[in-house]
Amino acid sequence: MTAGTLGPAPRPASARRWVPWSWTAEPLRHASAVAAPGAGFWLAIAALVALDAAWLAGSRIAVAPAGFAACAAAIGALLAAAIVCGTVRSEPSLRGMALASACLIAVTVPAALLHYLAASLALPLRDAELAGIEAALGFDWPAYIGFLADHPTLSWWLALAYHSSGPQVALVVIALSAARRLGRLWRFVRLFSATLLVVIAVSAVLPAAGPYAHYAPPAVPASHLETVGALWHLEPLARLRAGTLGSLALGDIRALVTFPSFHVCLAILTAWALAPLPLIGPAGLVLNAAVIVGTVGAGGHYLPDTLAGGLLALLALAASRRRRSAAGEEVSRTRERIAAGRPKPAAAGRPGKLEAVPSVSRDAQRQP
């Protein structure tokens, strides 16, 4: 009770009023910490997982769950870390590292499973056509492999560069997060995911065993490092095409794709992602040029594979730049309308209204 009253003190109006969004504000705040690189990305991942599950249900391949469950747990832990670094503590760099890592694992694992399932379609191999295109371009693949066998030091270093593609993805995540180039990091994640799925789709329709199987060269580089990437896929590819692969563990998955080369595509995307960073950018450009050269020998690819992989990367980058330019133009037009006091153009039958100006992150504005 208060002085001069007979009843309890009245509750403030703000305390009596029910705020409907108070129940959802905290979950939405946490969800926003893992929203990048976009809702469409996570919907695509869900669709990819659903496709894998439906395909496996109709196949004779039994999946060993341990490795896939471990990846799912890792994704969950990384997303939890991103939420903590985005809401509980303000750590944009650590949030970027955790979230980008979760995104890349989330797309790579189901995509790897899908490309195994796609190989079981056993469509006609296209090695003869790829070799014919190679010959028409004037490239002698067996002679080139013979040259590498005669120059083992050069061959070994090119193979080492070729196998650096995976670690370089980790470098992109760490370097761009540390430099607060998060807009560029999310573009890299989207480009990586989109091109990977395109490569899997094309290779499913145009499968090939690779030039080592097609040409059977008499002289090959002697080191295991120089040939493992070119030969380790032949046995599982043969079993998938014959329908004799009964079980599959995550650790047993090998890269089966010949055409187009994802290594070349990834090398160009990685060099682009690292380009603005001092020291790392120029070094990444040189290293990824070596990756592209090493793809023919250490990766066991035809020349058309490398050309197609490079073309795919360039087209993806051009599409990303056009999309970003269109978004920037829309922001500019909106700001001009707001400054002039003009409403947003109305849809048919609806009045126009002034709208909020879309925000563009500082990181995105710094991107070339």
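Summed over the residues of region 139-263 and divided among them, the accessible surface reaches 42 Å² per residue at a probe radius of 1.4 Å. Close amide-amide hydrogen proximity is noted between Leu248 and Ala62, Val63, Ala64, each under 5 Å apart and 5 or more residues distant or on a separate chain (H modeled in the peptide plane; Pro and chain starts excluded). The spacing between region 251-311 and region 108-157, judged by their C-alpha centroids, is 13 Å.
Kirkwood-based Rg over Rh for region 133-281 (C-alpha set), two decimals?
Working: Rg = 17.7 Å, Rh = 17.6 Å.
On the Cα set of region 133-281, Rg over Rh gives 1.01.
Database remark: amide H of Phe259 closer than 5 angstrom to the amide H of Ala208 (H placed geometrically; neighbours at sequence offset of 5 or more, or on other chains; Pro and chain starts carry no H).
P(r) for region 52-204, from all Cα pairs and a bin width of 10 Å, is 9, 24, 28, 24, 12, 2, 0 %, short bins first.
Take each peptide in 154-160, 196-202, 212-218, count the other Cβ atoms within 10 Å of every residue, and average; sorted highest first, the result is 154-160, 196-202, 212-218.
So, with a 1.4 angstrom probe, what is the percent of accessible area on region 133-247 that is carbon and sulfur? Don't jump to the answer; show the numbers that get you there.
Details: 3590 of 5120 Å².
C and S atoms contribute 70 percent here.
Please sort 102-113, 248-259, 134-145 by packing, taking for each peptide the average over its residues of neighbouring beta carbons within 10 angstrom, highest first. Don't skip to the answer; put the middle values down first.
Values: 102-113: 20.6, 248-259: 18.2, 134-145: 14.5.
Highest to lowest by the protection proxy: 102-113, 248-259, 134-145.
For region 70-147, the alpha carbon convex hull comes to 175 Å³ per residue, rounded to a whole number. Here the calculated FRET efficiency for Ala122 and Leu197, from their Cβ-Cβ distance with R0 = 22 Å, stands at 0.60, rounded to the nearest 0.05.
The values are calculated or read from the model by the stated rules, or taken from the named source; none is laboratory data. This structure is a prediction, so every number in the text was calculated from the model and none was measured. All Cβ positions, glycine included, derive from the backbone under ideal geometry; neighbour counts span all protein chains shown. These accessible areas exclude ligands, DNA and RNA; they are computed on the full protein's heavy atoms, side chains included. Shrake-Rupley method; radii C 1.70, N 1.55, O 1.52, S 1.80 Å.
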